[in-house]
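Q: Here's a structure for you.
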Amino acid sequence: MAEDAAKGTHVDPFNLGWTEDLGRPEHVKATKMDAQRIEMIRILHKATFPVRYQDKFYDGLYRQADRWSFLAEYQGMLVGAVCCRLEAQNDNRVYIMTLGVLEPYRRIGIAKFLLRKAMKNACETPEVKSMALHVQTTNQLALEFYKQMGFVVHSTIENYYSTLKDNKAYLLVKDMKP
Amino acid sequence: MSSSTPSKNPPPGQQLNRQDDNVFKLVMKLYETKQYKKALKNVETVLKSNPQHGESLAMKGLILSSLPNSKKEEAYDLVKTGLMKNMKSLICWHVYGLLYRSDNNYMEAIKCYKQALKIEDNNLSILRDLSMLQVHMRDLQSLTDTRQKLLELKPSSKANWLGFAFAHHLQGNHECALAILDSYEGTMGLPETAYDASEFLLYRCLIKFESGAWQETLDLFAKYGNKLVDKEYVYCTSAECHEKLDQWDKALQCYKELVEINPENKEFIEPYVETATRDGKKTPSEVFTELANTYPKSKTVQKLQTDAASGEEFVKLATKMVKHYIIKGIPSLENALKSFYTFPDKVKVIEEILTKMEKEVTASETIEGEPATKVTIFNIWMGLSGHYMRAGDQAKALEHCEKCIKHTPTADSIFTLKARILKRMGKLQEAADSMEEARKMDPADRFYNSKTAMYLLRVDNWKEAEETFNIFTYKPIQDTWPTICEMQCMWYITELGDSLYRLGDVEAALKKYLIIEKTFKDIVEDQFDFHHYVTKKQNIRAYLDLLRFMDTARNHKYFCRAAAKIVRCYLDIHSQGEEKIKERINQKFADKEAAHSKLLSKEQREKQSEFDTTVDYKTPLESAQPFLEELLKYRGTVLASQLLAIEFYSTLGSPLRALRAIKQALTLPGADESVELKSKAEEFFKNETSAELEVAIKEIIIEQKAEVMKAFKC
């Protein structure tokens, strides 16, 4: 265990009870982001988020996100994705832009699996200091979810979601270094 | 050409001094080794001091024609001039023949070679070239004579023996061909490698078989045993021989071996089952069950077994098939089942199977007792969608499609199915949109790309179709159209032609269809290289297949479709006249072509003009007639062909041929219930009985009318 920690390849770096396969659900496979898949990811986002991202978000997505993001395939179909980017301006934190799973495939552990993959990937890179994301303050389910994964509320931002009625957001953060 | 000798006793002024003669010999060598620039330089040196030297003039012409950007006219002029200066020159005639050959003008080339042979009748090089032209033109008698000559002159060449035997074989002189092969084997022995020896022996067996000597063929197979490497051919041919000799048990044994070699090959399984059930002792169902047990992994056996089944057995087998596709999530279920949709009771069974599965998955998350996954219901809905599409209920099909899309919007395969359903509903723009959605989701899939381009052409959106297609050509957009033509992408060319015709631009459409004809000409032309290649490789059986394929290459559906459309366009030109047709030239397309042209470089423009075809405005019906005749030759049993023929021959003024077409059409199944045929016949008789025709012809028509009209049941 000590050698693993030294190497940075510990299975359960945050002591959250992770198993070797990171809780990979049956029939699910995680893959890296692929430039060919951008359109599919756009469709995934449209189906899973109330926020519409602009075209230029997707144009630049592959370039900035491919190292840090993961796609979830269920029996060959793309059903979920976690899109992250490295923010050098925020002290090298990996910022989670989106994490979503198609409705029929929820509640079997795909989101947790994707997040674990993203977190493990981030903490194995020495420069990365933390991970962060924004969540609507009214989104109880999401808050619970991220708290379970070791994220804490850092601050509140007024009027973060300009197009939504509930526009307040929490900034959730997780330290990558113990 | 190196065996050509300069002419003996040349006319005055045609003899070179020793120095120039050596240079001339060098020119020939350089030409043969394709060093055209050097050859040209050297021949000009000779001509400088001997400007009237015929053979040099001819060589210069030939060399010029071999260079890129050659001017054909200049080449021909030079060669002709050279020839005029020295009519008895072997080289001049040979060069002239080569020039014609390079222009694919084989008839003229043969004439030149024959002239050359008059001067020197044992010139091997000329005889060889001539034999290739003769086989290309299928002038079999002359070919045999040439081949005999070649063999007599050089009996040490294996190619000459085989070539001679082959010529006799093509003519149908099987005994002769076999005798030659025996002689060859006697003097030269068998080829060295096992494969070549096998091919030689198999060629002998093939000739034997084609001569109708069934037992002798079987004897040969037995005699050669394991020397014959192509087991499939041996078993297939043996089976046929046994059948001809009424030895059905032995035939069955052969088919059994074939199925053992490849249990997925329909062409082995079907005759096996047919032969096994011939005497009625076993039912197809029993034979298939045996096969399925012996080859449980064979999908073809399963499919054929299901095809042949009925009643309870069909339900069981179909369920097994459907279950496999649903569990594995294979999108092409409707395609696998398509042969069942001509049987209404089978259609009902499929529907019941799928709806039953739907209920089971929704209720208990199981499918036929096995656990279902999150995707199973999606697969079932997709299966149902495809099923309704095949069954003709497009609305229901679309309904299930939408269920799938709502469930998993990232599944590109469902969008393809949706596109096809929309197409069948006639909603072509929506179909193109749906197909484009699928394509965007998987831009690396070339099938999606092609299908999107096709659907875009169907809504006359040439710009986007070309841009889409261009993604896979990896060339600039201006090069797309020449690339399409070079690649012989005939579906694209035809669809573009269809689109232009729909928009009323007959000329542009016809030009595209004529490109299809040009493509087939090129395909048939391409066999020329193999006439030489086979003399080296001596794989005669494959070569024979090639020649026979080329003889009926235009039987292909792409050509026949284009032929029908060409006839239609020419009929339009005939009825509307050149002026009216040109008036309606689709301005949008013409503008697009003009705009395109401006962006092209000189090379690109030249490349595009390579694929230009010309429309015959002066004699449209004359130009169309050969196409119609080929269509009748290859697709005469299709009602549409005969209907076209009736219209064409009536317009042409050949009422008897039109009448023949009507009668031909009536022999086709279901034709007597064709309302279209009946109305065409009525129109024909109405027009022709009141037209000004020769008395004899009119009599025939009037005589036939009653009998023909009586045949209709509608």
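Q: Over 19 Å from B:Y543 (Cα atoms), within 33 Å of the chain's Cα centre (by Cα) and basic (K, R): does that describe B:K111?
A: Numbers: over 19 Å from B:Y543 (Cα atoms): yes; within 33 Å of the chain's Cα centre (by Cα): yes; basic (K, R): yes.
In short, yes.
Q: When you check B:Q141 against the structure, is it closer than 24 Å to B:H169 by Cβ and open to solvent by 10 Å² or more (accessible area, probe 1.4 Å), yes or no?
A: On the way: closer than 24 Å to B:H169 by Cβ: yes; open to solvent by 10 Å² or more (accessible area, probe 1.4 Å): yes.
Yes; evaluated as a whole, the condition is true for this residue.
Q: List the residue pairs whose Cβ atoms are under 8 Å apart, where the first residue sits in segment B:88-100 and is under 14 Å from B:K111 (Cβ atoms) and without any contact (Cβ under 8 Å) to a residue 24 or more places away in the chain, the second is open to solvent by 10 Å² or more (accessible area, probe 1.4 Å) and assigned to a helix (DSSP H, G or I), and the two are 6 or more positions apart or on different chains.
A: Within 8 Å, the pairs are B:Y100/B:Y106; B:Y100/B:E108.
Q: Give me the strands (runs of 3 or more DSSP E) completely within segment A:1-116, filtered to those with at least 1 residues that are more than 14 Å from the chain's Cα centre (by Cα), at pLDDT 95 or above and aliphatic (A, V, I, L, M), ordered by residue number.
A: Values: elements: A:28-32, A:70-74, A:77-87, A:93-101.
Output list reads A:28-32, A:77-87.
Q: Ok, one more. Which count do you get for residues in segment A:109-143 that are open to solvent by 60 Å² or more (accessible area, probe 1.4 Å) and of a type in the set (A, V, I, L, M, F, W, C)?
A: Qualifying residue count, segment A:109-143: 1.
Q: Given the structure, is A:L99 among the aliphatic types (A, V, I, L, M) and buried (at least 19 other Cβ atoms within 10 Å of the Cβ)? Explain how you work it out, then say what you get.
A: Working: among the aliphatic types (A, V, I, L, M): yes; buried (at least 19 other Cβ atoms within 10 Å of the Cβ): yes.
Yes, satisfied.
Q: I'd like to check something: does segment B:426-448 contain any residue that is free of Cβ contacts under 8 Å to residues at least 12 places away in the same chain, within 14 Å of another protein chain (Cβ to nearest Cβ) and either under 27 Å from B:I523 (Cβ atoms) or among the small types (G, A, S) (or both)?
A: Yes, that holds for at least one residue.
Q: Would you please list the contacts, defined by Cβ atoms under 6 Å and residues six or more apart or on different chains, that run from a residue in segment B:156-167 that is under 15 Å from B:Y543 (Cβ atoms) to a residue that is open to solvent by less than 10 Å² (accessible area, probe 1.4 Å) and of a type in the set (A, V, I, L, M)?
A: B:A165/B:A177; B:A165/B:L181; B:A167/B:L143
Q: For residues that are out of contact with any helix residue (DSSP H, G or I) (no Cβ under 9 Å at 6 or more places or on another chain) and of a type in the set (A, V, I, L, M, F, W, C), tally how many sit in segment B:510-560.
A: Going through segment B:510-560 one residue at a time, the tally reaches 1.
Q: Here's something else I'd like to know. Go through B:I367, B:I353 for me and flag whichever is modelled with pLDDT under 95 and hydrophobic (A, V, I, L, M, F, W, C).
A: Details: B:I353 fails: modelled with pLDDT under 95.
Result: B:I367 is the single residue among B:I367, B:I353 that is modelled with pLDDT under 95 and hydrophobic (A, V, I, L, M, F, W, C).
Q: Within segment B:353-382, can you find the residues that are open to solvent by 60 Å² or more (accessible area, probe 1.4 Å) and in a helix (DSSP H, G or I)?
A: B:K356, B:K359, B:T362, B:A363, B:S364, listed by residue number.
Q: If you go through segment A:69-97, how many residues are within 21 Å of A:I38 (Cβ to Cβ) and within 14 Å of another protein chain (Cβ to nearest Cβ)?
A: Just the residues of segment A:69-97 that are within 21 Å of A:I38 (Cβ to Cβ), to begin with: A:69-74, A:76-87, A:94-97.
With the extra rule that they be within 14 Å of another protein chain (Cβ to nearest Cβ), the set shrinks to A:71-74, A:76-81.
The total comes to 10.
Q: Another question about this same structure. Do you know which residues across segment B:353-369 are touching a residue at least 24 places away in the same chain (Cβ under 8 Å) and either closer than 15 Å to B:L384 by Cβ or hydrophobic (A, V, I, L, M, F, W, C) (or both)? Break it down into steps so the answer makes sense when it comes.
A: Start the filter on segment B:353-369 by keeping residues that are touching a residue at least 24 places away in the same chain (Cβ under 8 Å), which leaves B:353-355, B:357-358, B:367-368.
Correct list: B:I353, B:L354, B:T355, B:M357, B:E358, B:I367.
Q: Checking the condition under 30 Å from B:A411 (Cα atoms) and either open to solvent by less than 60 Å² (accessible area, probe 1.4 Å) or in contact with a strand residue (DSSP E or B) (Cβ under 9 Å, 6 or more places away or on another chain) (or both), which residue from B:I327, B:I269 passes? Steps first, answer last, please.
A: Working: B:I269 fails: under 30 Å from B:A411 (Cα atoms).
The unique qualifying residue is B:I327.
Q: Right, here's the next one. Taking segment B:513-542 on its own, how many of its residues are in contact (Cβ under 8 Å) with a residue 40 or more places away in the chain and more than 12 Å from the chain's Cα centre (by Cα)? Full working, then the answer.
A: Quick first cut of segment B:513-542, residues in contact (Cβ under 8 Å) with a residue 40 or more places away in the chain only: B:513-518, B:525, B:527-528, B:531-532, B:535-536, B:538-541.
Subset that is more than 12 Å from the chain's Cα centre (by Cα): B:513-515, B:518, B:525, B:527-528, B:531-532, B:535-536, B:538-541.
Selection size over segment B:513-542: 15.
Q: A:L44 is checked against (1) touching a Phe, Trp or Tyr at 6+ places or on another chain (Cβ under 7 Å); (2) facing another protein chain (nearest Cβ under 10 Å); (3) more than 21 Å from A:E144 (Cβ to Cβ) and fails just one. What number does that condition carry?
A: Evaluating A:L44 over (1) touching a Phe, Trp or Tyr at 6+ places or on another chain (Cβ under 7 Å); (2) facing another protein chain (nearest Cβ under 10 Å); (3) more than 21 Å from A:E144 (Cβ to Cβ) leaves (1) as the failure.
Q: List the number of the failed condition for B:L571; all other conditions in (1) surrounded by 15 or more Cβ atoms within 10 Å (Cβ to Cβ); (2) at pLDDT below 95 hold.
A: Failed condition: (2).
Q: Working carefully through the options B:T376, B:T366, find the one that is within 14 Å of another protein chain (Cβ to nearest Cβ), at negative phi and more than 38 Å from the chain's Cα centre (by Cα).
A: B:T376
Q: Identify, please: which residue in segment A:77-95 is of a type in the set (A, V, I, L, M), under 19 Å from A:G60 (Cα atoms) and out of contact with any helix residue (DSSP H, G or I) (no Cβ under 7 Å at 6 or more places or on another chain) and is, among those, surrounded by the fewest Cβ atoms within 10 Å (Cβ to Cβ)?
A: Filtering segment A:77-95 down to residues of a type in the set (A, V, I, L, M) leaves A:77-79, A:81-82, A:86, A:88, A:94.
Now restrict to residues that are under 19 Å from A:G60 (Cα atoms): A:81-82, A:86, A:88, A:94.
Okay, now just the ones that are also out of contact with any helix residue (DSSP H, G or I) (no Cβ under 7 Å at 6 or more places or on another chain), so A:86, A:88.
Values: A:L86: 18, A:A88: 9.
Only one residue fits best here, namely A:A88.
Q: Hand me the list of helices (runs of 4 or more DSSP H) wholly inside segment B:210-298 holding 1 or more residues that are over 30 Å from B:E312 (Cα atoms). Spell out the reasoning first.
A: Working: elements: B:214-224, B:231-244, B:248-261, B:266-276, B:284-294.
Hits in segment B:210-298: B:214-224, B:231-244, B:248-261.
Q: Against the condition among the basic types (K, R) and either more than 30 Å from the chain's Cα centre (by Cα) or open to solvent by 90 Å² or more (accessible area, probe 1.4 Å) (or both), how does B:K338 come out, does it pass?
A: On the way: among the basic types (K, R): yes; either more than 30 Å from the chain's Cα centre (by Cα) or open to solvent by 90 Å² or more (accessible area, probe 1.4 Å) (or both): yes.
Yes.
Q: Can you work out which of the residues in segment A:10-29 that are among the hydrophobic types (A, V, I, L, M, F, W, C) and open to solvent by 30 Å² or more (accessible area, probe 1.4 Å) is farthest from A:F113 (Cα to Cα)?
A: Residues of segment A:10-29 that are among the hydrophobic types (A, V, I, L, M, F, W, C), as a first pass: A:11, A:14, A:16, A:18, A:22, A:28.
From the residues that got through so far, the ones that are open to solvent by 30 Å² or more (accessible area, probe 1.4 Å) too are A:11, A:14, A:16.
On the way: A:V11: 13, A:F14: 15, A:L16: 13 Å.
Here the answer is A:F14.
Q: Could you pull out the residue among B:S650, B:S690 that is open to solvent by 20 Å² or more (accessible area, probe 1.4 Å) and under 19 Å from B:H574 (Cα atoms)?
A: On the way: B:S690 fails: under 19 Å from B:H574 (Cα atoms).
Of the residues listed, the single one that is open to solvent by 20 Å² or more (accessible area, probe 1.4 Å) and under 19 Å from B:H574 (Cα atoms) is B:S650.
Q: A follow-up question, please. Assuming A:A47 fulfils every condition listed in (1) farther than 29 Å from B:S413 by Cβ; (2) surrounded by fewer than 21 Cβ atoms within 10 Å (Cβ to Cβ); (3) aliphatic (A, V, I, L, M) apart from one, which condition is it?
A: Result: A:A47 passes all but (1).
Here is a yes/no grid of residues against (1) surrounded by 15 or more Cβ atoms within 10 Å (Cβ to Cβ); (2) over 29 Å from the mean Cα position of the chain (by Cα); (3) within 28 Å of B:F549 (Cβ to Cβ):
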residue: B:D103; (1), (2), (3): no, no, yes
residue: B:Q148; (1), (2), (3): yes, yes, yes
residue: B:E152; (1), (2), (3): no, yes, no
residue: B:Q171; (1), (2), (3): no, no, yes
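Q: Restricting to segment B:606-617, give me the number of residues that are surrounded by 13 or more Cβ atoms within 10 Å (Cβ to Cβ) and in a helix (DSSP H, G or I). Walk me through it before giving the result.
A: First pass over segment B:606-617, keeping only residues surrounded by 13 or more Cβ atoms within 10 Å (Cβ to Cβ): B:607-608, B:611, B:613, B:615-617.
Among the residues that remain, those that are also in a helix (DSSP H, G or I) are: B:607-608.
Total meeting the criteria: 2.
Q: Report yes if some residue within segment B:344-359 is away from chain A (no Cβ under 14 Å) and on the phi > 0 side of the Ramachandran plot; otherwise report no.
A: Step one: list which residues in segment B:344-359 are away from chain A (no Cβ under 14 Å), which gives B:344-359.
Now restrict to residues that are on the phi > 0 side of the Ramachandran plot: none.
No, segment B:344-359 has no match at all.
Q: Would you mind telling me which numbered condition in (1) in contact (Cβ under 8 Å) with a residue 24 or more places away in the chain; (2) farther than 23 Å from A:Y53 by Cα A:G80 fails?
A: In the conditions (1) in contact (Cβ under 8 Å) with a residue 24 or more places away in the chain; (2) farther than 23 Å from A:Y53 by Cα, A:G80 misses (2) alone.
The values are calculated or read from the model by the stated rules, or taken from the named source; none is laboratory data. Here the structure is a predicted model, which means the values were calculated and not measured. All Cβ positions, glycine included, derive from the backbone under ideal geometry; neighbour counts span all protein chains shown. Heavy atoms of the whole protein, side chains included, go into the accessibility calculation; ligands, DNA and RNA do not. Shrake-Rupley method; radii C 1.70, N 1.55, O 1.52, S 1.80 Å.
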